[in-house]
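Novice: Quick one: this structure, given as structure tokens, is what I'll be asking you about.
The values are calculated or read from the model by the stated rules, or taken from the named source; none is laboratory data. From a predicted model like this one, the values you see are computed outputs, not experimental measurements. When we count neighbours, we look across all protein chains shown, and the Cβ atoms used for this are built from the backbone with ideal geometry, even at glycine.
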């Protein structure tokens, strides 16, 4: 079936980069399915534009499997899956194990189960892709967010394993971004310090991520690769 006629699934697309990518794909006439945790005005806007929006709770296996059942009932095939859903949790004293479990479930178990149970949907497309969204922090580790970093590193390992498992019909790649866009409440001191960490020293915005995603979707000779999108942080 023509790739253009089948939707792209983006998990966690209610805000920021995921929302931007959903909007850009819709601008290009690409059907889109999104998952979201909570209702926002942005979800309503995407629905108005024709996106299918499915509420999802990726905090445990049961919630992930319910989402998979919903997804399979909504479409007969997929062009791509973009695993963008993520959590940013601090490892507070006494709650470390629970935080690790939550991050593992969202960043690794959800992509793992969705890939396993939805690969046949991808096989309905002439071109098929899975894209895992990791984080540049995996490159050097994190003293303050070790659970977050470990779960994203595990996701990069899944990129390699699923690329081998699903070749040649389905390409599996990743994107590991560093800072792309600030939050509204970030003060000037924080912004300046964050920008100094990269060689390019800019806030590129979500379009930089979309360009990387578009490259992975359009390139027919790339699998098992994670693109580093960090403005040259590794040079500092």
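Novice: Quick test for you: out of 38, 30, pick the one residue that is loosely packed, with under 15 Cβ neighbours inside 10 Å and farther than 21 Å from residue 152 by Cβ. Working first, answer last.
Specialist: Details: 30 fails: loosely packed, with under 15 Cβ neighbours inside 10 Å.
When all the criteria are applied, what remains is 38.
Novice: Would you check which residues across the range 190-226 are without any contact (Cβ under 8 Å) to a residue 60 or more places away in the chain, in a helix (DSSP H, G or I) and surrounded by fewer than 16 Cβ atoms within 10 Å (Cβ to Cβ) and list them?
Specialist: Selection gives 190, 191, 192, 193, 194, 195, 211, 214, 215, 218.
Novice: If a residue has to be within 12 Å of residue 148 (Cβ to Cβ) and in contact with a helix residue (DSSP H, G or I) (Cβ under 8 Å, 6 or more places away or on another chain) to count, how many in the range 97-111 make the cut? Can you show your working first?
Specialist: From the range 97-111, those within 12 Å of residue 148 (Cβ to Cβ) are 99-100, 102-104, 106-108; that's our starting set.
This time we only want the ones that are in contact with a helix residue (DSSP H, G or I) (Cβ under 8 Å, 6 or more places away or on another chain), so: 99-100, 103-104, 106-108.
Number of matching residues: 7.
Novice: Moving on. Here is a list: 17, 82. Which entry is in contact with a helix residue (DSSP H, G or I) (Cβ under 6 Å, 6 or more places away or on another chain) and either over 24 Å from residue 135 (Cα atoms) or surrounded by 13 or more Cβ atoms within 10 Å (Cβ to Cβ) (or both)?
Specialist: Working: 82 fails: in contact with a helix residue (DSSP H, G or I) (Cβ under 6 Å, 6 or more places away or on another chain).
Among 17, 82, only 17 is in contact with a helix residue (DSSP H, G or I) (Cβ under 6 Å, 6 or more places away or on another chain) and either over 24 Å from residue 135 (Cα atoms) or surrounded by 13 or more Cβ atoms within 10 Å (Cβ to Cβ) (or both).
Novice: Filter the range 146-163 down to the residues that are free of Cβ contacts under 8 Å to residues at least 24 places away in the same chain and over 14 Å from the mean Cα position of the chain (by Cα) and list them by number. Lay out the reasoning, then the answer.
Specialist: Let us first name the residues in the range 146-163 that are free of Cβ contacts under 8 Å to residues at least 24 places away in the same chain, namely 149, 153, 157, 161.
149, 157, 161 - these are the residues of the range 146-163 that are free of Cβ contacts under 8 Å to residues at least 24 places away in the same chain and over 14 Å from the mean Cα position of the chain (by Cα).
Novice: Let me ask something else about it. Sort out which residues of the range 61-79 are exposed (fewer than 15 other Cβ atoms within 10 Å of the Cβ) and in contact (Cβ under 8 Å) with a residue 24 or more places away in the chain, and write them in order of number.
Specialist: 61, 65, 72, 74, 76 - these are the residues of the range 61-79 that are exposed (fewer than 15 other Cβ atoms within 10 Å of the Cβ) and in contact (Cβ under 8 Å) with a residue 24 or more places away in the chain.
Novice: Right, here's the next one. Step by step: first the residues of the range 1-14, then only those that are buried (at least 17 other Cβ atoms within 10 Å of the Cβ) and either out of contact with any strand residue (DSSP E or B) (no Cβ under 7 Å at 6 or more places or on another chain) or part of a loop (DSSP other than H, G, I, E, B) (or both), then the one that is modelled with the lowest pLDDT. Which residue is that? Spell out the reasoning first.
Specialist: Applying the first criterion (buried (at least 17 other Cβ atoms within 10 Å of the Cβ)) to the range 1-14 yields 3, 6-14.
If we keep only those that are either out of contact with any strand residue (DSSP E or B) (no Cβ under 7 Å at 6 or more places or on another chain) or part of a loop (DSSP other than H, G, I, E, B) (or both) too, we end up with 3, 6-7, 11-14.
Numbers: 3: 55, 6: 97, 7: 98, 11: 98, 12: 97, 13: 97, 14: 94.
Of everything passing the filter in the range 1-14, 3 is modelled with the lowest pLDDT.
Novice: Now for a different question. Filter the range 85-94 down to the residues that are more than 14 Å from the chain's Cα centre (by Cα) and surrounded by 13 or more Cβ atoms within 10 Å (Cβ to Cβ) and list them by number.
Specialist: At the first step, the residues of the range 85-94 found to be more than 14 Å from the chain's Cα centre (by Cα) are 89-94.
Result: 89, 91.
Novice: Assess whether residue 130 counts as being in a helix (DSSP H, G or I), touching a strand residue (DSSP E or B) at 6+ places or on another chain (Cβ under 9 Å) and modelled with pLDDT of 95 or more.
Specialist: Numbers: in a helix (DSSP H, G or I): no; touching a strand residue (DSSP E or B) at 6+ places or on another chain (Cβ under 9 Å): yes; modelled with pLDDT of 95 or more: yes.
Answer is no for this residue.
Novice: Right, something else. Can you tell me which of (1) over 13 Å from the mean Cα position of the chain (by Cα); (2) outside any helix (DSSP H, G or I) is the one residue 104 doesn't meet?
Specialist: Among (1) over 13 Å from the mean Cα position of the chain (by Cα); (2) outside any helix (DSSP H, G or I), residue 104 violates only (2).
Novice: For the range 57-73, state whether one or more residues are at pLDDT 95 or above, outside any helix (DSSP H, G or I) and under 29 Å from residue 220 (Cα atoms). Before you say what the answer is, go through the steps one by one.
Specialist: The first filter runs over the range 57-73 and keeps only residues at pLDDT 95 or above, leaving 57-73.
Pick out the ones that are also outside any helix (DSSP H, G or I) and you get 57-60.
From what's left, under 29 Å from residue 220 (Cα atoms): none.
No, there is no match, as no residue in the range 57-73 is at pLDDT 95 or above, outside any helix (DSSP H, G or I) and under 29 Å from residue 220 (Cα atoms).
Novice: Same structure again: Is it the case that the range 174-189 has a residue that's without any contact (Cβ under 8 Å) to a residue 60 or more places away in the chain, touching a helix residue (DSSP H, G or I) at 6+ places or on another chain (Cβ under 8 Å), surrounded by fewer than 19 Cβ atoms within 10 Å (Cβ to Cβ) and under 26 Å from residue 125 (Cβ atoms)?
Specialist: no
Novice: Every residue in the range 23-51 that is assigned to a helix (DSSP H, G or I) and within 18 Å of residue 218 (Cβ to Cβ), please. First the steps, then the outcome.
Specialist: As a first pass, look at the range 23-51 and keep what is assigned to a helix (DSSP H, G or I): 23-27, 41-48.
Once the filter is applied, which keeps residues that are assigned to a helix (DSSP H, G or I) and within 18 Å of residue 218 (Cβ to Cβ), the range 23-51 yields 24, 25, 26, 27.
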